[in-house]
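Novice: Dropping the structure in here first, questions after.
The values are calculated or read from the model by the stated rules, or taken from the named source; none is laboratory data. A quick note: this is a predicted structure, and the numbers were derived from the prediction, not measured. Quick reminder, even Gly has a Cβ in these numbers, built from the backbone with ideal geometry, and neighbours come from all protein chains shown. Calculation scope for accessible area: heavy atoms of the full protein, side chains included, ligands and nucleic acids excluded. Shrake-Rupley method; radii C 1.70, N 1.55, O 1.52, S 1.80 Å.
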Amino acid sequence: MKLKKLVIASQNPHKIEEMQQILKPLGIQVLSTHDFPDLEEVEEDRETLQGNALKKARYVSAETGLPALSDDTGLEVDALDGAPGVFSARYAGEDASYKDNLEKLLSEMEGKTVRSAQFRTVVALVKGTEEFTFEGVCKGEILTSKKGEKGFGYDPVFRPQGYELTFAELDSSTKNKISHRGRAVQKFVEFLEK
Ligand code: IMP
């Protein structure tokens, strides 16, 4: 599929920057919701990552008339039966900050010996009536305390498999190569190149 322009359907500056970094080499003009100040924030009220990702991309594509790319991410922790999952953004309550959510996770994980977890991202592309989704997973484990200052969200307590450092200690280009979102966007890129 050929794309000249697309809008990233997210308000999150970290995600916009990560996605722009990955998509820039393709020669696509990458806009974001910040270029369309009248867009409203879309409530992520669906029961699945795919449902939320499609909801955001449909809205932004319909309002801007351009192809829209969105993502929704969840952290799935084995010892917590997959929680916080689709509720990762509001694990500690409706208006919870990254710090609140991270502290809740650390307290729920206190005393747990099984620390395995995975980030899962679903990226959705909506272009007119066409809809496509791409999934990326990154396996790792939850540490018992925070390490590192980079990144956002649960990054300081997530150590990806095969690495000694957390996502918050790795530089952004390494994170993008191995992360859930990086892998999902990579699948999207492969789809564009086909
Ligand atoms: P969202 O609904 O896709 O914005 O993501 C849900 C929550 O997952 C966010 O509020 C973050 O706390 C967390 N999250 C998403 N992506 C990442 C990431 O790459 N690293 C760490 N946390 C993330």
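Novice: Along the positive direction of the dipole of the chain (beta-carbon charges: Lys, Arg +1; Asp, Glu -1; about the Cα centre), which of 22, 33, 102 reaches farthest?
Specialist: 22
Novice: Related question: Express the Stokes-Einstein translational diffusion coefficient of the chain in µm² s⁻¹, to the nearest whole number, given a Kirkwood radius over alpha-carbon pairs, 37 °C and a viscosity of 0.692 mPa s.
Specialist: In µm²/s, the coefficient rounds to 193.
Novice: With n ≥ 4 as the cut-off for DSSP H runs, can you work out [θ] at 222 nm for the chain, using -39500 (n - 2.57) per run divided by the number of residues, rounded to the nearest 500?
Specialist: Rounded to the nearest 500, the figure is -9500 deg cm²/dmol.
Novice: Sticking with this structure for a sec: What are the residues whose amide H is under 5 Å from the amide H of residue 8, where those residues sit 5 or more places off or on another chain and H is modelled from the backbone?
Specialist: HN-HN under 5 Å from residue 8: 31, 32, 33, 69.
Novice: A further question follows. 5 Å is the cut-off here: which amide hydrogens, built 1.01 Å from N in the peptide plane, fall below it relative to residue 76, excluding neighbours closer than 5 in sequence?
Specialist: 85, 118, 119, 120
Novice: Could you name the lysines in cross-link range of residue 146, using Cα to Cα under 28 Å and dropping any fewer than eight places away on the same chain?
Specialist: 15, 99, 104, 112, 175, 177
Novice: Within a Cβ distance under 12 Å of residue 44, other residues only, what is the Lys/Arg minus Asp/Glu net charge?
Specialist: Around residue 44, the charge tally is -3.
Novice: Rounded to the nearest 0.05, what FRET efficiency is calculated for residue 97 and residue 20 with R0 set to 30 Å and r the Cβ-Cβ distance?
Specialist: 0.80
Novice: How large is log10 of I(q)/I(0) for region 146-194 at q = 0.20, 0.32 Å⁻¹ when the intensity is taken from the Debye formula with one equal scatterer per alpha-carbon?
Specialist: -0.63, -1.18
Novice: Work out from phi, with θ = phi - 60° and the Karplus expression 6.51 cos²θ - 1.76 cosθ + 1.60, the ³J(HN,Hα) of each residue of region 114-125, listed in order in whole Hz, and give x for Gly and Pro.
Specialist: Per-residue couplings from phi come out as 7, 10, 5, 7, 8, 8, 10, 10, 10, 9, 10, 10 Hz.
Novice: With +1 assigned to the C-beta of every Lys and Arg and -1 to the C-beta of every Asp and Glu, and no other charges, what is the dipole magnitude of region 1-77 about the Cα centre in debye, to the nearest 20?
Specialist: 600 debye
Novice: What's the magnitude of the charge dipole for region 44-163 around its Cα centre, counting Lys and Arg as +1 and Asp and Glu as -1 at the beta-carbon? Answer in Debye, nearest 20.
Specialist: 360 debye
Novice: Using the 2.2 N^0.38 Å rule of thumb for compact globular proteins, work out how region 88-194 stacks up: its C-alpha Rg over that value, please.
Specialist: In units of the globular-protein estimate, region 88-194 measures up at 1.19.
Novice: Taking amide H positions as placed in the peptide plane 1.01 Å from N, state which residues far from residue 168 in sequence (5 or more) or on other chains have amide H under 5 Å from it.
Specialist: 158
Novice: Keeping all protein chains in the complex and leaving out DNA, RNA and ligands, what accessible area do you get for residue 141 with a 1.4 Å probe, in Å² to the nearest 10?
Specialist: Around 70 Å² of this residue is reachable by solvent.
Novice: Between 37, 156, 13, which gets the highest mean-square fluctuation from a Gaussian network model of the chain, Cα cutoff 10 Å?
Specialist: Of 37, 156, 13, the most mobile in the Gaussian network model is 37.
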